[in-house]
1. If we keep just the residues of the stretch A:120-139 that are at pLDDT below 80 and more than 22 Å from residue A:176 (Cβ to Cβ), which is nearest to the other protein chains (Cβ to nearest Cβ)?
2. Would you be able to tell me the number of residues in the stretch B:96-132 that are touching a helix residue (DSSP H, G or I) at 6+ places or on another chain (Cβ under 7 Å) and farther than 28 Å from residue A:95 by Cβ?
3. Would you point out which residue out of A:522, A:551 is buried (at least 23 other Cβ atoms within 10 Å of the Cβ), free of Cβ contacts under 8 Å to residues at least 40 places away in the same chain and either under 34 Å from the mean Cα position of the chain (by Cα) or assigned to a loop (DSSP other than H, G, I, E, B) (or both)?
4. What do you reckon, is residue A:456 over 24 Å from residue A:489 (Cβ atoms), more than 9 Å from chain B (Cβ to nearest Cβ), modelled with pLDDT of 95 or more and not in a loop (DSSP other than H, G, I, E, B)?
5. If you scan the stretch A:590-608, which residues turn out to be within 30 Å of residue A:705 (Cα to Cα) and in contact with a strand residue (DSSP E or B) (Cβ under 9 Å, 6 or more places away or on another chain)?
6. Looking at the stretch A:75-90, is at least one residue more than 7 Å from chain B (Cβ to nearest Cβ), in contact (Cβ under 8 Å) with a residue 60 or more places away in the chain and touching a helix residue (DSSP H, G or I) at 6+ places or on another chain (Cβ under 9 Å)?
7. Is there a residue in the stretch B:124-131 that is facing chain A (nearest Cβ under 10 Å), within 20 Å of the chain's Cα centre (by Cα) and more than 26 Å from residue B:391 (Cβ to Cβ)?
8. Within the stretch A:498-519, is there a residue that is touching a strand residue (DSSP E or B) at 6+ places or on another chain (Cβ under 8 Å), without any contact (Cβ under 8 Å) to a residue 60 or more places away in the chain, buried (at least 21 other Cβ atoms within 10 Å of the Cβ) and farther than 30 Å from residue B:312 by Cα?
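The values are calculated or read from the model by the stated rules, or taken from the named source; none is laboratory data. All figures in this text were calculated on a predicted structure; none of them were measured in a lab. Don't worry about glycine lacking a Cβ; one is built from the backbone with ideal geometry, like all the others, and counts go over all protein chains shown.
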């Protein structure tokens, strides 16, 4: 693209070429035209509008968030997982620039997992787990069988057999009911068999099992503090020995050191233990201390070595048989997850798991991939689910795996558009589904809705009439707010205001509320063009500004009585159009001073689509001496004496100078940093002299080159490729269509959507045809 | 068109039924050197980034060789002296890096660790960065490499001349820019995904599901790839390589009651630059756990040099108080042809601060025992900038610091005058010392290697 305002410079041949730019556009600009030095663009009536090569686009962060939110039915942001999107041609949605490094892929993986597990997750049911004796068997000490009553007293087992549950539970703060079915018998003992139950590291609780040799249900409720751990079942069972002191003392005969009733199995220590244990027995050290046939029994690990009580001879046994254990969490079940219910609509019980999962994948997949899935694609998803089911997992686990696969598939992450022949340069219409996605990601930064998908399914989306109706409908939707936010936010640098950092020493008034007000002004201003369908030329000419009280104070006008930005006419302040907005002044300044070059470069880049390249290398010694105390204008002129610098600065400097009346945070000023009177006269290379932004604004508004650049900016955003010289006439045709629509915002959108740039695509000819 | 990382086709054929459609990626062509010893004693290569340039006259010691400090320590290197690191670091001055067009800060940034210049246009075309060449030689680690940055670079603008990616990372591999990750992302990537409540059976079942999921995705990508044109295929290839790396990591996961505990409280500060020490902690712990060996760390993105960052936490050598001027502006202290000595001093103050941060990392590694020595004995930590003086975006008169002994292959504590030699010769030397068998490094504008003989370090 080239500059119309400055066409005279073209004749001079001193283009801002840098090292990258190609020679200027002799073939579109008729330099042999009338002698006023201005050249006209000469185009055919029906110029070639080559769709060019649009590289496969992956979802940008914003698009991914919107797409996921739309899929899972709730606000859902995973953008923070991702590295910043690469920006090319001014926007973050250009396929050529977007790369998928392993880091990005890993973020996608996390994002898919979070979406499915955290957002669409099946509600965790109340815990309920049952263990049959056959299953318990595997977890018992070697040779110990639950479910059998032990009669063989020649076997010696530990007093207690702890049986950790096979699973690790994540216990909640809740009450758990442990139930079991067991029968017990005793022989030569007063104590019944017992079951101990311990959650994690909490103290165990004990349940006596009746000694009547009859199976019965037992139940106990346990309060549990949330912790991860195992449920441990202990069986106080099957003990027999002659040399050990059997624990058959009545409970009342024994207390622990704290005075509580106890079997002294654990809490008693030392002599106190022996004394308590032996309250109704004789304490002993050896059999000789005991009367009659009694001998001296000890309790290893509980009483001191060599200390015990006198006991009767014979085997003592308590026995227990357990049929099953069951643990269940008490309380109200968690509410169903309506987000999941919207995705998993069928019931696997009635429909059968495979059939139900297939339905789920088909519906969710169509939304996610923005097209119907083939039968073969569904088969492969089902195979994934079946892998989980084969592992013994629940229905939901298999379904989740399939859902994750849908989100992780390149068909989700990329906005796939196919060419029948990728090696052909012939353009062809997009499929209706592809067109639906182009529309929705352009206007909504999100996926197509039901209406668009239905039209695509019916094959009727592609007609002018339907497209026109859809543009109206989509622009009216709240989702279209994404368009001005993402397009305007990037084109006009609104997002960049988050990062400006004026010097707090020189601009102590610059605070977060001022930053927010500046951002709001630019954002609301641009939004008004979309929401009120304004004439976009007013971008440069309006005297209506979006102020809140903070910004009004900054601009030195009367308070507006609002913390929110409201449109106010401020004709007396010297502010005209977007170039009069403090946000623009701030983001094109250095921290503590204004920069004519930065401002000129910004205007050239954003409104002439002709950002100058960086300075050439090793310009040291080339730069002429400049008097740093001279007025900026004089310094710049000295600088331009070097032809290497002049090539670009000839264009940048006058544009930047026209903003001289605004300081580095956008306050009006009459003196510049060096104390010289601020002079915003702009002498253009073609000899015209403009008096500041009051004259530059209207000139920009009416300049066809600027207008083509506005088209190019939105077109770039819409189709995701960069535009080059040879597209100039094609873009001019869009500009004309837009002008015929009175330069309305919607007319620009319409011109773009209805153009071949938007509705067709092509491959890359294998002979190396250029994009 | 460029060399990629080496992959074994065997890896790809795991789950053969699903992956038969796999393309032969460029990456699988064995073109890249392999480190001989990467499976034995771990050696780390760490790059610590100074935005903009490093002023030659402020960092060059008066003497060269060992014990150069006896003739005085330049102001920029005070950070080393303060932490007693003079004997642990070599100072290498006056190097050059691939002459050619300027392209500003972005092009210089893309050139620093690659010693190649990006071609104009939207695509990353620099050759592989030195950290990535090493990373490719050690593919078996949980992570091949880690790139950490504290300040995401959000640069709007048309920037049609060069890919913005050049400003967000220092690491490139196979034409892909590996973006910086925030410290919390880096932490989670390195230490996350350990669920202490998993039993061995559940772990294995989950692993099998993950592997099946990735197989599915790989298959999907291959099917899609076959329908696409050349441009689009490249995008899907990048994606395939992402799948592959993740799959490799999943396969390498082994159930173990013991995980390498990060032992770090991840407490992020919103105030820059308070997170720098946290990142150092993450790096050191991850090196102890041998999670990865190739690192690049940008305390800020190149955006710091191109945009709006002021070092307000650095004292202004001119008149005291915090520095207010943006680093980028200061670094162009010769704006309009006149050298602004105040700005140059401020620039030097920032460079001194950056060396101090580097010194903190080096000290931490020196205080971390490993084997009979320390972590620093088995590492090379490089502090560098992308230009010499950034006044005119020059890639001459460049300086850097190399800390550590790299398994005894380095002799630190010296000042090595580079005498205008190639920066690439330093990177080549490091690669050789790491056992990477490669003959050259970098690519000059004429296509020839930037260096074929290493500088003695």
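1. Taking the candidates together, the pick is A:138.
2. Of the residues in that region, 5 qualify.
3. The unique qualifying residue is A:551.
4. Details: over 24 Å from residue A:489 (Cβ atoms): yes; more than 9 Å from chain B (Cβ to nearest Cβ): yes; modelled with pLDDT of 95 or more: yes; not in a loop (DSSP other than H, G, I, E, B): yes.
In short, yes.
5. Filtering the stretch A:590-608 down to residues within 30 Å of residue A:705 (Cα to Cα) leaves A:590, A:594-608.
Residues satisfying the conditions are A:590, A:594, A:595, A:598, A:599.
6. No, the conditions are met nowhere in the stretch A:75-90.
7. yes
8. Within the stretch A:498-519, not a single residue is touching a strand residue (DSSP E or B) at 6+ places or on another chain (Cβ under 8 Å), without any contact (Cβ under 8 Å) to a residue 60 or more places away in the chain, buried (at least 21 other Cβ atoms within 10 Å of the Cβ) and farther than 30 Å from residue B:312 by Cα.
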